[in-house]
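Working notes, structure below.
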Amino acid sequence: MAIFARRDACPIIKNVLLLDSEGRRVAVKYYTDEWETNSEKLAFERSIFSKTQKTNARTEPAEILMFENNVVVYKFIQDLQFFVTGGDDENELALATVLQGFSEAVILLLRGNIDQREAFENLDMMFLCLDEIVDGGMILETDGNTIARKVVTNIMDDETPLSEQTITQALVAAREHFTRSLLS
């Protein structure tokens with residue numbers, strides 16, 4: 001007997017937000033068209049930011065909030081704020097697992113220096129993290145170590161032509177080449 005996975009049986013992520021300590025975007029991805037325009041997305045981000053400012057999200061592993069018919073799981077680490085949103089019928093533990101994987105991967109990739117400036121300087125890694133975690137709202141990976149390893153592997157890909165590399169990839173490749181030339 002064949003078992004078919006149904007899309008509606010899997011948790012669906014509506015968005016993943018990484019905001020700074022003033023509620024401004026650092027890296028965000030929306031997976032539904034519930035918020036059709038950029039101004040609607042920004043309004044949602046401002047609302048969720050203001051709603052969560054007076055919470056214990058810095059000391060708790062994750063906080064859960066019902067907000068505008070959504071379940072929002074969030075946590076704050078230094079001056080970055082992590083949010084994962086699902087529908088009001090989504091499993092909070094699944095959303096919290098996504099949140100934990102994302103925050104762990106960011107901590108690893110930023111080498112524990114979790115601040116707005118560092119996140120902006122490594123924005124390509126933040127978006128690669130999001131791409132490794134969720135695709136079209138479907139959860140792909142939740143282990144922070146695995147996510148970080150995949151992101152680093154993508155960035156360190158020496159096979160990519162220089163013209164197609166991001167600035168970070170080009171700098172890493174140049175640094176490795178320079179180090180190899182010094183050691184030989």
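Output the residues belonging to the range 56-81 that are touching a Phe, Trp or Tyr at 6+ places or on another chain (Cβ under 8 Å) and crowded, with 23+ Cβ neighbours inside 10 Å.
Of everything in the range 56-81, those that are touching a Phe, Trp or Tyr at 6+ places or on another chain (Cβ under 8 Å) and crowded, with 23+ Cβ neighbours inside 10 Å turn out to be VAL72, VAL73, TYR74, LYS75, GLN81.
Within the range 158-181, take every residue that is in contact with a helix residue (DSSP H, G or I) (Cβ under 8 Å, 6 or more places away or on another chain) and either within 21 Å of GLY112 (Cα to Cα) or open to solvent by less than 60 Å² (accessible area, probe 1.4 Å) (or both) and give me the one that is modelled with the lowest pLDDT.
Step by step, filter the range 158-181, then rank; the result is GLN165.
Please go through the range 20-49 and pick out each residue that is of a type in the set (Gly, Ala, Ser), in contact (Cβ under 8 Å) with a residue 24 or more places away in the chain and under 26 Å from ASN91 (Cβ atoms).
Within the range 20-49, just ALA27 meets the criteria.
May I ask you to list pairs of residues, at least six apart or on different chains, whose Cβ atoms are under 6 Å apart, with the first in the range 84-112 being outside any strand (DSSP E or B) and the second being at pLDDT 90 or above and of a type in the set (S, T, N, Q)?
ASP88/ASN69; THR97/THR142; VAL98/THR142; GLY101/THR142
Tell me which residues, restricted to the range 99-127, are under 19 Å from ILE12 (Cα atoms), of a type outside the set (Ser, Thr, Tyr) and buried (at least 22 other Cβ atoms within 10 Å of the Cβ).
LEU99, GLY101, PHE102
What do you reckon, is ASP131 among the acidic types (Asp, Glu), surrounded by fewer than 18 Cβ atoms within 10 Å (Cβ to Cβ), part of a helix (DSSP H, G or I) and at pLDDT 90 or above?
yes
VAL98 - would you say it is under 17 Å from VAL26 (Cα atoms) and out of contact with any Asp or Glu (no Cβ under 7 Å at 6 or more places or on another chain)?
Criteria not met by VAL98.
The values are calculated or read from the model by the stated rules, or taken from the named source; none is laboratory data. No experiment lies behind these values; they were computed from the predicted model shown. Ideal geometry is used to build each Cβ from the backbone, glycine not excepted, and the neighbour counts take in all protein chains shown. Heads up: the accessible areas ignore ligands, DNA and RNA and are worked out on the full protein's heavy atoms, side chains in. Shrake-Rupley method; radii C 1.70, N 1.55, O 1.52, S 1.80 Å.
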